[in-house]
Structure formats: structure tokens, C-alpha cells
1. Just name the residue that is farthest from the chain's Cα centre (by Cα) out of those in the stretch 276-290 that are aliphatic (A, V, I, L, M), over 14 Å from Val231 (Cβ atoms) and not in a loop (DSSP other than H, G, I, E, B).
2. List pairs: first in the stretch 690-706 and touching a residue at least 40 places away in the same chain (Cβ under 8 Å) and farther than 16 Å from Val207 by Cβ, second within 16 Å of ligand 1 (Cβ to nearest atom) and acidic (Asp, Glu), Cβ under 9 Å, 6+ apart or cross-chain?
3. Anything in the stretch 44-93 that is hydroxyl-bearing (Ser, Thr, Tyr) and farther than 30 Å from Ala17 by Cβ? List them, or say none.
4. Could you please find all residues in the stretch 710-757 being in a strand (DSSP E or B) and small (Gly, Ala, Ser)?
5. When Gly202 is evaluated against the numbered criteria (1) outside any loop (DSSP other than H, G, I, E, B); (2) away from ligand 1 (no atom under 16 Å from the Cβ); (3) surrounded by fewer than 23 Cβ atoms within 10 Å (Cβ to Cβ), which criterion, by number, is the only one it fails?
6. If you go through the stretch 152-190, how many residues are part of a helix (DSSP H, G or I) and either surrounded by fewer than 24 Cβ atoms within 10 Å (Cβ to Cβ) or within 16 Å of ligand 4 (Cβ to nearest atom) (or both)?
7. How do the pairs read when you match residues in the stretch 27-45 that are assigned by TED's automatic domain parsing to the domain that holds Asp3 with residues anywhere that are within 16 Å of ligand 4 (Cβ to nearest atom), using Cβ under 8 Å and keeping only pairs 6 or more apart or on different chains?
8. Spot the failing condition for Ala757; the list is (1) modelled with pLDDT of 95 or more; (2) not assigned by TED's automatic domain parsing to the domain that holds Ser636, and only one is missed.
Amino acid sequence: MTDAAQSHYRICPLCEACCGLELRTEGQRITSIRGFEADVLSAGYLCPKAVALKDLHEDPDRLRQPLIRRHGRNSPLEPASWDEAFALIAQRLPAVTAAHGRDALALVLGNPAAHKMGLLLYFARLLRAAGTRNFFSASTLDQMPKQLQSGLMFGHWLSLALPDIERTDYMLVIGANPVASNGSMWTVPDFRGKAKALRARGGKLVVIDPRRSETAEVADAHHFIRPGTDVFLLAAMVNTLFAEGLIRLGPAAPWLAGVDSVRDAVAGFTPEAVAGRCGIAADSIRQLARDLAAAPRACVYGRIGTCTQAYGTLVSWLIDLLNTLTGNLDQPGGVMFAQAPAFAANTVANTAGQPGVGRGVTTGRHHGRVSGAPEVFGELPIVQLAEEIETAGPGQVRALIVIAGNPVLSAPNGPRIAAALDQLEFMVSLDIYCNETARHADVILPGLSPLQESHYDVPFPQFSHRNQARYSAAVFAPPAGQPPEWQNLLRLTAILQGRGATADVLALDDELLADDLRRAGAAQPDAMLQALSAWSGPERLVDLALRNGPYGDKLGDPFGDQPDGMNLAKLAAAPGGIDLGPLQPRLPELLRTPSGRVELAPPLLLADLPRAWADLAAANGQPGQMLIIGRRDTRSNNSWMHNLPTLAKGPERCTLLVHPADAERLGLSDGGLARVSRGAASLQAPVVLSAAMMPGVVSLPHGWGHDLAGSRLGLASLRPGVNLNVLLDDGLIDPLSGNAVLSGVAVQVEAVAAVGA
Ligand SMILES: Nc1nc2c(c(=O)[nH]1)N[C@H]1C(S)=C(S)[C@@H](COP(=O)(O)OP(=O)(O)OC[C@H]3O[C@@H](n4cnc5c(=O)[nH]c(N)nc54)[C@H](O)[C@@H]3O)O[C@H]1N2
Ligand SMILES: Nc1nc2c(c(=O)[nH]1)N[C@H]1C(S)=C(S)[C@@H](COP(=O)(O)OP(=O)(O)OC[C@H]3O[C@@H](n4cnc5c(=O)[nH]c(N)nc54)[C@H](O)[C@@H]3O)O[C@H]1N2
Ligand code: SF4
Ligand SMILES: [Mo]
């Protein structure tokens, strides 16, 4: 008997572009993966990673069964049944918190959790049950500065001003490489195609980056910048707008507060004062400001290169100041706010509550125990995880749950983190591999293959360049007996609540949802639960959020008063999704600041400017040192996907890019080995000469170093690469957001003598 060919619509869960795919299958076999032409967001676009979903699904190293250490921390990780794995957790984990308090358990949430509705929605349940202050995530290796700045200016952490690329005339990209990364904190599939269209209609794309990146290659102009000096460049651009009378507030004017304070704050940052430090001529800085101001519709977009530096929050603020002071805030063709169809109530509070005013955001409700970093959006800096484990005293972290994260490779000073993990009394990892972090766990609980899960993008419609809603069902049924991850999180929740390993998690799910409804003050909670009964688990939460969202059929009070509105059943019946149109102006309704204004001059940020001013005169690095930056490659994804044959083939990707002039001075040759070191930390990487590098700057991608004993990534270990984060300093953060400094760190680079030479 042959299996019938079938076609499936499936949203790609691998990156923030969230492309819609069409998968063809015959029985359990995947026969093709393509972009789905009818997808309302991505219209057929896909990248090579999507095709690797087949390899991921079939990867023999992908875990299908829990692994546990039966005889304590020094015994080997061995396959176990689900019952045995949870019984071990129930036996060991509550004992730690019972003896040492709730903060003795830390939680780490990694990047892929943002792409899995079961993980993201149910993590909130686990965090509440854990009641610990020790919560860390990839956000402090990534976008925390952007969230803090957006929160301070607009009143909510997730109210991000997004470039309206399809209607703009001028786009400045700084510290982002969306041609390779496919965009971040901005869901915009096929950036390259959209950039091409922008230029074809006479618009201009300009890139500022220490490397002539793949995005710079498709731009009209590119400027090198010394890594870490964006704060100076952007402050000088804002200064120029004031100095040359180019300030234009536009239709947002009535809602803006603090323009004069901004003028005073940037007064000293003239183009001449910063040019030398940035490596950009003063005239060029002025011209960048003038071009931005002169374009009828313009936008500035900054991403990870501007966040992972010592002034990440200031830089993110200056970017939105440029957008605002040129009249482009909340305007078509400028930067605009999405209106997400779901999670308005809990994750996207800018459509919930009273429009136009709110509590705003604060930081520092508690502090890290050792270095005293303020909590930001409920999180402590992930670079401080190790010290919280190492340092004895009340509140010491003694147990850890890591969910879809790999800090041993992803965070600065991985070796220190690895050593700290070995000091824990108990550790659980939820992962699909035994990765470099999970190898330290007492229990690894595997997730399903993405193709065995249904999908709704929980956070990304909030960052989408167009309003839209999409849902896709699972392609394959999960294997019998393997629970979906939301159930694993609920079982951990039950264990932390003292209900043991065998609690009825479906009953707990009902109970927690009913609690949510009561807490939200629902007048008719029972009727609401009844109306949601077609769905269970994360789908039920999505249905609820969609129905009570801005486009929903309104389950809230009054009950069901928008019968034509959206719900999950309607969305599921629309493969390719529902288009909700281009972004619309949302001021002042979007604002959730206490003043009801866009806060252009938040005191926290103004108070940080003198730090930058004092630093302006200093040099970054000693003579002879190089500054190291990262790099993303389309065929790689942070610290994973290196185990998949279709992506792993081809040229070596973990290479050190060096400008030819630097190479000559340092005695490096193309294809030769370089030793890169910072203090006692060092690594060796193959050199590739590249005129695309700014002289004085070298680039090495992150997420490599798959040669650590105990991880189980067979293919990846054959070409392990080296871990950039071994070199980076876990003491370097942006103090406002707690974000790690991952870029522009000074290193020593020297040739490694060829053996026998
Ligand atoms: N030097 C340097 N370091 C960086 C960066 C940089 O630019 N430079 N970038 C930083 C950024 S932006 C980020 S977001 C972080 C990312 O760093 P992490 O948050 O550590 O995320 P990943 O490296 O993506 O690894 C996540 C793990 O999730 C697992 N996983 C994948 N899918 C699933 C699933 O469905 N369920 C479960 N349970 N697990 C799954 C993978 O197997 C992998 O082990 O790295 C950061 N590190
Ligand atoms: N293929 C692929 N796609 C990915 C990922 C991946 O690992 N691989 N990771 C995903 C994740 S988690 C994220 S957060 C996004 C990130 O998405 P992007 O922000 O687009 O990340 P990058 O491609 O690293 O681009 C950052 C750029 O900043 C530049 N840069 C470095 N330092 C500085 C500096 O000091 N100043 C300025 N102006 N520029 C600087 C770098 O040279 C680089 O070109 O990508 C996502 N998409
Ligand atoms: S760009 Fe590639 S990895 Fe990202 S969502 Fe689209 S297909 Fe998936
Ligand atoms: Mo990220």
C-alpha cells in the first residue's frame, strides 16, 4: 500500500520572519518543503533553514525519550521513561526549595521558546509557581535594551516602533543584517525583496556597520563604524537636527514630551566631537542627519549590533529619537506600531486596559544578589547566572531549569557557566538535543519535532510589518506516549506546587485558566470556559486571546458582541492566514505611559548620557588590539542546527574575517590559523581575508564550539568550530538593561605558526 500524498500548511518556527511553508508528505515521509505562495505574510518566501526542518525531524540525535542520571550527579545520562524522569524531579527538586527557599531555583529561557506557543504560554505558569527572583533569558543577550527603551518612551516593553518598509522613501539600517538574519524584533519575511522594491521606487537604503554586510551589499550606501560607538554617532545626528533647524515633529507633535530636554542633553555631541571615535567623518554624520530629515518618509532600524553594546539602551533610544524628531513616528512610511490580534491581555498590554495612559515601566523591583543588577522586565542579566550559583549565602542558586536554551555556548564566559552548572544540586533541561548545556542536567525532557506541533506566533504579530494572524496545525501526530512540551511545563508546575509527579495536568490546566479568568475580573467565567471548550492546552489560550483581542468576536463582557470577529476556528480554516492590513497610526491610543505622552527624555536615560560623554575621549582597546564582532549566516541558527546535513555541508562557517591590511600587519594569511585572545581566554580560528571588514575589526560567528565532552551532536562535533563567547567578558553589560556586551570587545590577534614551519 502506498501512503497518500498530502499537502500541509505550516508556519516556520525557526526565526522571526515566521514564513508560511507548504510541506508535502507521503505517510511519515516529507517529500518537499517550499514557501507557501498564499501566505498573507511571506507570500512564498523561505530560506535554506526551512528545508532543514526535514533533517531536524529525522535527526537521529534529536532526543525522543528523557535522559536521566539515576545515581546522582556523577552518574551517566541514560534513557528513561517519562514516569521515571518526572518521579526523579519530584523527588529532588522540591527538596532543594524546601531547604533553601524559592530563590534557590533559577529558570533560564532560551530563544526557541519564543517560537513555541506551548513553551512561551506555559512558561508563564511555571514561573508563577516557582516564585523565584532568579529568572534569566536570552533577552539579556539580545533585545532587552530595545524593550526597556520602548517601555520608557511608549509605556510598554513590547510597544516597538517598526519600520514601514513598504511605504518608506529612506531607510537607515544600523547594527542589523536582515539579509542574513531575516530580521529581528521586526517580522519582515523577504527583507531583500522589500529592499529591492524600495530602491526600485526611488527610495534609498543606507547601512551603518563595521562590516560591509550582506545587507550593505544591497544598499545604496554603507558607512563603516567603530564597534560600540553608535551612541556617539546617533547623538551627533540628533544634535545636527537641532543645530540645523531640521526638527519636524509632524502629526505626533501633540503627544510628545521632552523635546527641549533632548536638545540640551545632546548639546555637546557635535559631529566634530565624535567623528574620530566613530571612524565617520563629521561631514558624513551631518549628511546622514540631513538625508534622514529631507526624505518625505523615513525610518531608522537598529538591531542586535546596537543592543549588544555598553550603551545599548541609549542607542536604542537615540534611534527612536531620530525617527520621532524627523516627523516619522507613527506615520506611514516611517515607524509604526503593530496591532497584534492576540495576547493583548497578558503579553501585549498596549491594546488592553485604558487607552492612552498606563503605569509605564519600571526596573529594579529587585536586584541580583551578587553584583546588584536591577531586575528588568522581571529578569536578571544572564551573564550573572554563574555568580548566583557560585556565591554562597541566602538565595544562592542550587537548582536550575533550562528551557530551550544553551547558555554554555550562547552567553559570555561559557566555561565559567559550565563549571557553575556542575556545582548545582539539581538541574533539568527541556531541549530537543543533549546540547552543551543540557549535558550538565540530571534530567533532560525532550520536546517534540516542530512538525509534530501546531503553531501560533505568540509574540511576533506584535513586531510584524503588517497586521496579520496565522495558525498552522501539526503535520504529523506526536509519537505515542511523548507529551507535548506544554504538558511537561504543567507537570513541572504541579511538582513545584507540591502536587507531585502524577498530578492530572489537564485538570490543572483547567484550574489555572479559570484562575486567570477570575483574576482578570471576568463576569461570566463559566460561560467563557464553555465557549472555549473546542480547544485545549495552548490552542485554548490562543482562542481566548484572539477572541478578546482587538479583532476578536469578544468573549469578554459584554459576551460575544462581535459575532463577525476572529476566533481560532476561523483562523484554522484559513491556511495562509488572515491579512489585517498595513500598520495604522496608533497614537495616542497605544501609549501606556503615566503622562499619556511619548517620553522623549526619560530621566533614566538622560542620567546615563554622562557615562557616554566621559567615555567619548577614551579609546576602545590598546594600540595593537583588534575589536571583535559577531556575524550571522543564513545557514546557521545561534547555537543549534549545526547537526543538520543540509545546513552543515559547504564551506567552513566558523571563520575569522580579517581585513587584508590587518592580516599583513599581523602576519596572518588566508586559510591560516589565528589565535584570538583576551586575557587568559583564547581560541584558534581559520582566517578568511575580507575587504568587507573595517580595518581594526575582526569577525567571528557565535554559537559554535561543539567539541565539548558529553554533548550528543554527532554531525556538529565533526566540524565543531570555536566558541566566540569563551573570549567575551561576562563583566561587561549595559547597566540599564543588563544586556551583555557581545560586540566591540578588544582582543589580541596573532598568527599560529603552521606545524613544521
Ligand atoms: N557572541 C554572541 N553571542 C550571542 C549572540 C551574538 O550575536 N553574539 N546572539 C545572542 C542571541 S540574539 C540569542 S537569541 C542567543 C540564543 O541563545 P539560546 O537562547 O541559548 O538559544 P539557541 O542557541 O538557539 O539554543 C537553544 C536550544 O534550544 C533547543 N531547541 C530548539 N527547538 C526546541 C524546542 O522545540 N523545544 C525545546 N525544549 N528546545 C528546543 C536547541 O536544541 C538548543 O539547544 O544567543 C546569544 N549569543
Ligand atoms: N541565519 C540566522 N538567522 C538568525 C539568527 C542566526 O543565528 N542565524 N539568529 C536570530 C536571532 S536570535 C536574532 S536576535 C537575529 C539578529 O538579527 P540581526 O540584528 O540582523 O543580527 P546580525 O545578523 O548579527 O546583524 C548584526 C549586525 O551588526 C553589526 N555590528 C556589530 N557590532 C556593531 C556595532 O557596534 N555597531 C553597529 N552599527 N553594527 C554592529 C554586525 O556586523 C552585523 O552585521 O537574527 C535571527 N536570525
Ligand atoms: S527566514 Fe527561513 S528560518 Fe526564518 S522563518 Fe523564513 S524560512 Fe524559516
Ligand atoms: Mo536573538
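1. Ranking the qualifying residues of the stretch 276-290, first place goes to Ala282.
2. Close Cβ pairs satisfying both conditions: Pro701/Asp633; Gly705/Glu436; His706/Glu436.
3. Ser75, Ser81 - these are the residues of the stretch 44-93 that are hydroxyl-bearing (Ser, Thr, Tyr) and farther than 30 Å from Ala17 by Cβ.
4. Passing the criteria: Ala740, Ala746, Ala751.
5. Gly202 satisfies every listed condition except (1).
6. At the first step, the residues of the stretch 152-190 found to be part of a helix (DSSP H, G or I) are 152-154, 178-181.
Filter again for either surrounded by fewer than 24 Cβ atoms within 10 Å (Cβ to Cβ) or within 16 Å of ligand 4 (Cβ to nearest atom) (or both), leaving 178-181.
Adding up the residues that qualify gives 4.
7. Matching pairs, first to second residue: Leu41/Cys18; Leu41/Thr187; Ser42/Ala17; Ser42/Cys18; Tyr45/Ala17.
8. (1)
The values are calculated or read from the model by the stated rules, or taken from the named source; none is laboratory data. It should be emphasised that the depicted structure is a prediction, and the values quoted were computed from it without experimental measurement. Virtual Cβ from ideal backbone geometry, glycine too; neighbours counted across all protein chains shown.
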